[in-house]
């Protein structure tokens, strides 16, 4: 009888060893996959922001720079395009768009509240969708 129990224990140990190896491999590969999601410290983005004039330009750029991680923000009056360089470890384009919307200017993701929009100078009131 003892030999059968001993064989069973050997098989059980082999199965346990295989399971441990599988768990270790899965853990290793999950950490390797996470390491590939490295954030860009100088990510470039371009987005449309509603506005009309130089006053809008100052307000939009000031709102963008109020977000930690924004390195550059330039809004073009004629094209309504905002060019951003930001540190993705600290912020995202959505954070910047939300800050701009709070200042009174609509973006593709966030819209300014009607109260904030109504508070803009007359020259800054753009056509809203």
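Quick notes on this structure:
- Subset of segment 47-66 [in contact with a strand residue (DSSP E or B) (Cβ under 8 Å, 6 or more places away or on another chain) and part of a loop (DSSP other than H, G, I, E, B)]: 50, 51
- Test: residue in segment 81-102 that is within 14 Å of residue 52 (Cβ to Cβ) and part of a loop (DSSP other than H, G, I, E, B): no
- Filter result for the condition that a residue is modelled with pLDDT of 95 or more, in the same structural domain as residue 102 (by TED's automatic domain parsing) and more than 17 Å from residue 124 (Cβ to Cβ), over 78, 66, 50: 66
- Positions within segment 70-88 being more than 11 Å from residue 43 (Cβ to Cβ), out of contact with any helix residue (DSSP H, G or I) (no Cβ under 6 Å at 6 or more places or on another chain) and crowded, with 17+ Cβ neighbours inside 10 Å, in sequence order: 80, 82
The values are calculated or read from the model by the stated rules, or taken from the named source; none is laboratory data. In this text the structure is predicted, and so the values were computed from the model without any measurement. Neighbour counts run over all protein chains shown; Cβ positions are idealised from the backbone, glycine included.
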